[in-house]
1. Just need the relative contact order of the stretch 169-240 here, percent rounded to a whole number, with Cα pairs under 8 Å and 6+ apart.
2. Which peptide among 158-167, 27-36 comes first, and what is the full order, when sorted by highest mean count of other Cβ atoms within 10 Å?
3. Indicate the gyration tensor shape class of the stretch 111-171 (rounded, prolate or oblate), computed on the Cα atoms with a ≥ b ≥ c the square roots of the eigenvalues: a/c under 1.5 is rounded; otherwise a/b larger than b/c is prolate and the rest oblate.
4. For the stretch 94-146, what class follows from the C-alpha gyration tensor (a ≥ b ≥ c being the square roots of its eigenvalues): rounded when a/c is under 1.5, otherwise prolate if a/b is larger than b/c, else oblate?
5. Suppose every Lys and Arg Cβ carries +1 and every Asp and Glu Cβ carries -1, with no other charges. What dipole size does the chain come out with about its Cα centre, to the nearest 20 debye?
6. Could you tell me which of rounded, prolate or oblate describes the stretch 69-226, using a ≥ b ≥ c as the square roots of the eigenvalues of the alpha-carbon gyration tensor, with rounded for a/c under 1.5 and, failing that, prolate when a/b is larger than b/c and oblate otherwise?
7. Could you run the Karplus curve 6.51 cos²θ - 1.76 cosθ + 1.60 with θ = phi - 60° over the stretch 81-91 and give me ³J(HN,Hα) per residue in whole Hz, x for Gly and Pro?
8. What percent does the relative contact order of the stretch 125-262 come to when contacts are Cα pairs within less than 8 Å and at least six residues apart?
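The values are calculated or read from the model by the stated rules, or taken from the named source; none is laboratory data. It should be emphasised that the depicted structure is a prediction, and the values quoted were computed from it without experimental measurement. Ideal geometry is used to build each Cβ from the backbone, glycine not excepted, and the neighbour counts take in all protein chains shown. All accessible areas refer to the heavy atoms of the entire protein, side chains included, with ligands and DNA or RNA removed. Shrake-Rupley method; radii C 1.70, N 1.55, O 1.52, S 1.80 Å.
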Amino acid sequence: MMSNHTLVHGAGMSGGPASWTSWEWIMGGLIFALLILLYMVAAAISNRNYRNWPLHRYVCWVVGMLCIGLSLIGPLARLATTNFMIHMLGHLLLGMLGPLLIAFSAPMMLLLRSTPVPLARRITRLLKSKPAQIVAHPAAATLLNIGGLWVLYTTGLFMAMHHSLLLYIVVHFHVFAAGYLFTVSLLYVDVDPHRLSFQTRAIILMIAMAGHGILSKYIYAYPPDGVSSEQAELGGMLMYYGGDAIDLFLVYWLCMQWYKSVRPRPAASMLQTLD
């Protein structure tokens, strides 16, 4: 097995965060600042025609963008190329916490509210299409999310991405996109025309949690190429316990949605309905 030093040396030569110039760091920061600004502008447009956009959605978008930005640019991203535990912290921010916060900011709903009606209708038709239904199914999203992580950490892909800027970008984009798709497919907090039962989503969530937990233990016992045993143990534990903390919130939200859907209706509401 390659030493951790070998991974560091390769990362520094790859064109990844460890070797980015100051100008590239600045450009990365500007991109995230622009995304935050675009969200604010879209919310302002939406507020002209609809009820004011909730404050908590602004907060979720900004904090979610900060989580993603920290995992990709700045000191944490630089350290992630030399320290597997920091890399795993970035994984939690980019693939779990960031997507969760972005999902609760309801970007798709905001997009539909802030765009012209003809364009919003085309977007809606796209969301209702068969390909979108397949990709947005929780089972498919779980396969992309958890399955992608298994491929990343149990094959040579983890080492390879530190030697190719393009591969580095593709892998990190997949981690975020799969994490976001997984979240919105289970928690209906944004526009979702393809809804499934609570039981189906609960079963898939349990399978996903098991897959994530088993992978963290596998990493603990069998470090990825280029990662020392000590670093793998620390990273595996962070993945296990950090992932569980975020998954606990997913379980809570899913159960809360189920409770609201089955709780008895107040008598006054029932009499009003009968009238």
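1. Values: 37 pairs, mean separation 14.8, N = 72.
Taking the mean separation of contacting Cα pairs over the length of the stretch 169-240, I get 21 percent.
2. Ranked by mean Cβ neighbours within 10 Å, highest first: 158-167, 27-36.
3. Values: a/c = 4.51, a/b = 2.04, b/c = 2.21.
The shape class here is oblate.
4. Details: a/c = 4.19, a/b = 1.36, b/c = 3.08.
Taking the square roots of the gyration eigenvalues as a ≥ b ≥ c, the stretch 94-146 is oblate.
5. Working: 16 positive and 9 negative charges, 268 e Å.
In total the dipole reaches around 1280 debye.
6. Details: a/c = 2.28, a/b = 1.57, b/c = 1.45.
The shape class here is prolate.
7. Calculated HN-Hα couplings, in order: 7, 10, 9, 5, 5, 5, 4, 5, 4, x, 4 Hz.
8. Numbers: 109 pairs, mean separation 35.4, N = 138.
Relative contact order here is 26 percent.
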